[in-house]
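The values are calculated or read from the model by the stated rules, or taken from the named source; none is laboratory data. This one's a predicted model, so the numbers in the text were calculated from it and none came from an experiment. All Cβ positions, even for glycine, are placed from backbone atoms using ideal geometry, and neighbour counts span all protein chains on display.
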Amino acid sequence: MSESSNFIFNEIDKDLANGVYQADEIMTRFPPEPNGYLHIGHAKAIFINFSVKEKYHGRTNLRFDDTNPAKEDVEYTEAIERDIAWLGYKWDNLFYASDYFGRMYEYAVELIGKGLAYVDDQTQDEIKANRGTLTEKGTNSPYRDRSAEENQTLFREMKEGKYPTGSKVLRAKIDMASPNINMRDPVIYRILFETHHNTGDSWCIYPMYDYAHPIEDAIEGVTHSLCSLEFEDHRPFYDWLLDHLDDCRVKRPRQIEFARLNITNTIMSKRYLKRLVDEGRVDGWDDPRMPTLSGLRRRGVTPAAIRNFCYESGVAKANSVIDKAQFDYFVRDDLMKTSKRVMAVLNPLKVTIRNYPEGESELLDIPYNLDEPEGASRKVPFGRELYIEREDFMEVPPKKYFRLFPGNEVRLMGAYFITCESFVKDEDGNITEVICTYDPETKSGSGFTGRKVKGTIHWVPSGAIEMEARLYEELLNEDSDAEDWVERLNPNSLTVCNALGEPSLANAKPGDLYQFVRNGFFCADSRHSKAEHLVFNRTVSLKSSWQPPKEA
RNA sequence: AGGGGUAUAGCCAAGUCGGUAAGGCAACGGAUUUUGAUUCCGUCAUUCGUAGGUUCGAGUCCUGCUACCCCUGCCA
C-alpha cells in the first residue's frame, strides 16, 4: 500500500520546511456545531483531521462550536461524542467554544479600543441594504464613526442586557467597499436572549462564527484549521482578526479548505436530515435509512468500512460526487472479512426431497465460512422439506442457468446434491413446490468427488418459513431477536433512504432494501445486545441482479 | 467592481524541481470456487476543460478563452 498523499499534507510539509510550525506542535480540531447528528460527510472531515494527527504525531481536539444557543442541544453533543468514538477516533481534548466567551468578549473590547470595531444600531434590514451586492459596494453605517469610548459603553451595556434581542450588533470596522462581502464590516456579536446549553443565562450576547472560530483555534494552539470550501471567502477575515489581536498575532493557525464529501443519491445536508426527523418521516436520527453515522451503524456498516472509504476517496479541492457503489464496496469488503455467513431466503419456494425418509431429520453442522471448514459452525436441521429461493428454480431455464430446473442437479449449500424430478403448479399456474431426490453420498464435507455440479443454492429448513420471517435466523435461534430480523428484511417495511434524490421518502422504492440485501450485507440492529454482523450471500450475483446472457 | 475556487477515464484521485499519465470504484475478458460471492490473473487516458505560446521535451511554465461550484445570515 502506497503512502497516502494529499494536498493538505503537502501544505503542512511546506509549513514545516519553512519553519512556520515545529514538528511537535501540529494540531487540528474537529469543530461540529451541536445542532444535529453526524453523517457520513462529517466522517470525512473527522478522518482528515485525525489523519493529520496520525501522520505528524500531533494532536486533534474535539471542539463543540456552540456559539448559537438557539440551535444547539446537549442531546447532540452526546451523540457526536458517541459517533466519533464509534468511528474509532480518540480526541486529545474536548473543548467548548462557549468556554471562551469571556476571552472573546475581552478581545472584542480590545478591537473597539483600537478603533477596529463599532456598535451598529441599524436594523437587520438596513444592514442588509447597506451591505451592497455582489457587484456594488456597500455604504458605511451612520454609526460607523462612533468614538471608542462610546462603543465601549454601548458594548458593555449590550452585554449587561440593556438592549433587546436584535437591537444592536458589534461590527468589525474594515471596508464596506471590499469586493469580498465578508470583509464589509462583518457582524461579530449579536444580542440573543437565549439559554445556552453550556453557559446557561450568563450571556445575552453571542459571538458570530467568523469572529469566534479563529480565536478558538488560536487559544487551543491549533496549527491547521481544516474546513470546507465555502469558507475560502472567510479566510481573509480569519487572518485579519488574528493580525489585529495582540495575543494571536505571532503564533496563529492557518486555515486550509477542502471539498466536502458527496455520494450519489445521498442526502448530505444536516438541515434536511433534521427535517426528516422533525416531520416524523423517519424513526429518528439513527433510523437505518439515514446517512447519519448512527443510522449507518444500525444498518450494519462498520467503522473500518467508513474509514477505508474515506482513505480511498482522497482529499481534494474539486467538488465531486462519489459513486455510491464505491461506498458499498468498502462495506462489503470489510464485512466479507469479519462476518459470519448464513443462508436466507427472501421469496420462498417449497422443496420436497422424495427419497428422504418421512418423519426423519438430521442436524447438519455447517461452518459459517465454508472456506474455513474448521472454523466456527452452527447446527441446521435438514429434512424432507425445506425452502429455497424462488429465483433459484426455473421451469424453462435460459442458457447458462446453473441453478435448479427439471432434470438438473445442484448442491444445497452445506448439505447434499439434489436433482429436480418434477414440480407442482396451482390452478393459476404458479409453481408451488419442487420435487427432488437427494444423493446421501454427496453430503457436505464427506469428500465426495464422484461428480460435480455447476450450481450451489441457499436453503432454509421448513420451520424457518413458519416464522413468516422468510428468513431463518440461525444465529439467534434461542433468541427473540428474530422478529427484528423480520422487520429489517421485509421489503415493504424498510426502504432505503439513500435512493432519494429529493426531500420525500415517498419516492423511495420498496425494493431498495431488498436490493441492498442482495448487494451483500446487512446486520442485526446494533442496539440489540446480541447484535452481530452476518453476511448474507445468495447464489445470484451479489453485485447486480443476475441476467440471462443474451442469445448469440 | 464583483470576489473566491475547481477542471486528469463512467466515478473518485496521485502527479512538490518541466523528463514521457499511480492507485481505488465501476465495467469487461479469463482461471479457481460447496455462495454466479470471495480470491486470482488480464484489459480499460498517445493524453490531462479549450486555443495558442515558451522548450529538445509541458498535465506541470506563460497568455487568452470556456464550463462548473461558493459568497449579498444578527447560521455554522
**Q.** Subset of region A:299-333 (residues that are over 11 Å from the mean Cα position of the chain (by Cα) and more than 15 Å from RNA strand B (Cβ to nearest atom))
**A.** A:300
Q | Residues satisfying the stated conditions in region A:13-28, i.e. within 16 Å of RNA strand B (Cβ to nearest atom), loosely packed, with under 15 Cβ neighbours inside 10 Å and among the charged types (D, E, K, R) | A | A:13, A:14
Q.
Could you list, ordered by first residue, the pairs with Cβ atoms under 7 Å in which the first is in region A:351-378 and without any contact (Cβ under 8 Å) to a residue 40 or more places away in the chain and within 25 Å of residue A:436 (Cα to Cα) and the second is aromatic (Phe, Trp, Tyr) and in a loop (DSSP other than H, G, I, E, B), at least 6 apart or interchain?
A. none
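For region A:241-255, give me each residue that is exposed (fewer than 15 other Cβ atoms within 10 Å of the Cβ) and modelled with pLDDT under 95. Spell out how you get there, then give the answer.
First pass over region A:241-255, keeping only residues exposed (fewer than 15 other Cβ atoms within 10 Å of the Cβ): A:243, A:246, A:249-251.
Result: A:249, A:250, A:251.
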Q. Of all strands (runs of 3 or more DSSP E) completely enclosed by region A:331-435, which ones contain at least 3 residues that are surrounded by 16 or more Cβ atoms within 10 Å (Cβ to Cβ) and hydrophobic (A, V, I, L, M, F, W, C)?
A. A:348-353, A:417-425
Q) Is it true that residue A:338 is within 15 Å of RNA strand B (Cβ to nearest atom) and polar (S, T, N, Q)? A) yes
(Q) Which of the numbered conditions does residue A:361 fail, given that it passes all the others? Conditions: (1) farther than 20 Å from residue A:455 by Cβ; (2) within 10 Å of RNA strand B (Cβ to nearest atom); (3) in contact with a Pro (Cβ under 6 Å, 6 or more places away or on another chain). (A) (2)
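For every residue, the table says whether it meets (1) at pLDDT below 95; (2) at positive phi; (3) touching a Phe, Trp or Tyr at 6+ places or on another chain (Cβ under 9 Å); (4) of a type outside the set (Lys, Arg).
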residue: A:374; (1), (2), (3), (4): yes, no, no, yes
residue: A:400; (1), (2), (3), (4): yes, yes, no, no
residue: A:403; (1), (2), (3), (4): yes, no, yes, no
residue: A:440; (1), (2), (3), (4): no, no, yes, yes
(Q) If residue A:119 satisfies all but one of (1) of a type in the set (Val, Ile, Thr); (2) within 11 Å of RNA strand B (Cβ to nearest atom); (3) free of Cβ contacts under 8 Å to residues at least 40 places away in the same chain, what's the number of the condition it fails? (A) (3)
Q) Can you name every residue in region A:222-250 that is more than 9 Å from RNA strand B (Cβ to nearest atom), over 20 Å from residue A:173 (Cα atoms) and within 35 Å of the chain's Cα centre (by Cα)? A) A:222, A:223, A:224, A:225, A:226
Q. Would it be correct to say that residue A:423 is away from RNA strand B (no atom under 16 Å from the Cβ), under 19 Å from residue A:353 (Cβ atoms) and of a type in the set (A, V, I, L, M, F, W, C)?
A. yes
Q. If you scan region A:307-330, which residues turn out to be buried (at least 16 other Cβ atoms within 10 Å of the Cβ) and hydrophobic (A, V, I, L, M, F, W, C)?
A. A:309, A:310, A:315, A:322, A:327, A:330
